[in-house]
Structure formats: structure tokens, C-alpha cells
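> Sharing a structure below in C-alpha cells format, with a few things to ask.
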Amino acid sequence: MIERRVKRPEVVRMMADADARYQLRQRERIVLGLLAASEGLTARELANQLELDTPDDVRASWLGRLLELELVQSTGKTQATRYFVNPVVLKGQGLDGKTTLKRIEPHRLRALIVEDLRRYPGAASGDINRRVGVEVPYRTLKRAIDELVEQGSLRFVGLSRGRRYWLVEQLEK
């Protein structure tokens, strides 16, 4: 069941304006409200909140025209796609909040990881996550670290929880 949660009246005003301008369908209104009440949600999180069988159903039948109308934007791929209300729409309604790392682009996250390891060589992934920002999901950070290892930018020593990372350039010195 979808709960009614209106924490800020500005969200209701933004939704009413969008509905008046674009004649949104009921499902589009629901998704817009869920996204406006959060910092954005992945396809999987949206599917869970909407009690759908698969995250594929979100894009197919719930997002509707929201992406085409540019009321909602997305980053990522497949089930990890993160949907969020277009920041321009939020700003126009006075809903622009503080900037967070939750929607950081993958190349920027990799750059932060490299910078962190320059300062703290031999760090564990959990320590990197804590310093880069705990609002970045650990799985997202770990995926970026694994990509850097595959590219040959990072090396590691150890297994599992004991694994520590170094920049390749630091090891070659």
C-alpha cells in the first residue's frame, strides 16, 4: 500500500503545477510525488514502494511521460537506474535542497576515490566510503573501485574484509 506522505506543502504545489500544465495520469502523479519526497529512488526501490513485480514495470507503465516531459531525470542502467525530479523543476518551485553525493556521476566518484587513495594509500573500501561520503551507497562505491582495478589504476592486497587498495602509480615509485 502506498502511504500518504506530504512533508512539505511545496511538493503538493509543484505536483499541482505539473498536473495543470501536462494533465498527468494518476500513475505519473504518484511517481512524481514519491520522487519529490525523496532524493531520488532506484528502479528497484520504486518497484518496491509501488508493490510491482519487477523494476522493469516502473519504466514501462508508471513513469509514463515524466521522462519525456523532463519532469524526471535518470542516471545509471537497468535496475540500478536512479530516477529523480529534475533539479530545474525543483528550483522553480523553491524546493532546491542541499547538494548530496547520492546521485554522483560514476566518473566523478572514481575521481574522488583516486584522490582519497592519494591521501590515504592502503585504505579499505569501507574507509574510503566513509571519507568520500556515506550517502554514496557502499555497493556503488565498491563497483567504482572494482572498475578502477579492472582499468589497472588500482591494485589491492588481501581478501574480503582485509583487502586494502593502492594507486598503481604509488606502487611503482
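> Scan (1) at pLDDT 80 or above; (2) surrounded by 17 or more Cβ atoms within 10 Å (Cβ to Cβ); (3) of a type outside the set (A, V, I, L, M); (4) closer than 28 Å to R143 by Cβ for the single condition G64 breaks and write down its number.
For G64, the exception is condition (4).
> Scan the stretch 107-136 residue by residue and report those that are under 21 Å from T81 (Cα atoms), in a loop (DSSP other than H, G, I, E, B) and in contact (Cβ under 8 Å) with a residue 12 or more places away in the chain.
Those that are under 21 Å from T81 (Cα atoms), in a loop (DSSP other than H, G, I, E, B) and in contact (Cβ under 8 Å) with a residue 12 or more places away in the chain: G133, E135, V136.
> While we're here: Which residues, counting only those in the stretch 112-157, are of a type in the set (G, A, S) and under 20 Å from Q170 (Cα atoms)? Talk me through it step by step, then tell me what you get.
Kept after step one, since they are of a type in the set (G, A, S), are these residues of the stretch 112-157: 122-126, 133, 144, 152-153.
Within the stretch 112-157, G122, A123, A124, S125, A144, G152, S153 meet the criteria.
> Kindly provide the set of residues from the stretch 82-99 that are more than 19 Å from A18 (Cα to Cα) and at pLDDT 85 or above, ordered by number.
Of everything in the stretch 82-99, just one residue is more than 19 Å from A18 (Cα to Cα) and at pLDDT 85 or above, namely R82.
The values are calculated or read from the model by the stated rules, or taken from the named source; none is laboratory data. Note that the structure is a prediction, hence the values are computed from the model and not measured. Reconstructed Cβ throughout: ideal geometry from the backbone, glycine too, with neighbour counts over all protein chains shown.
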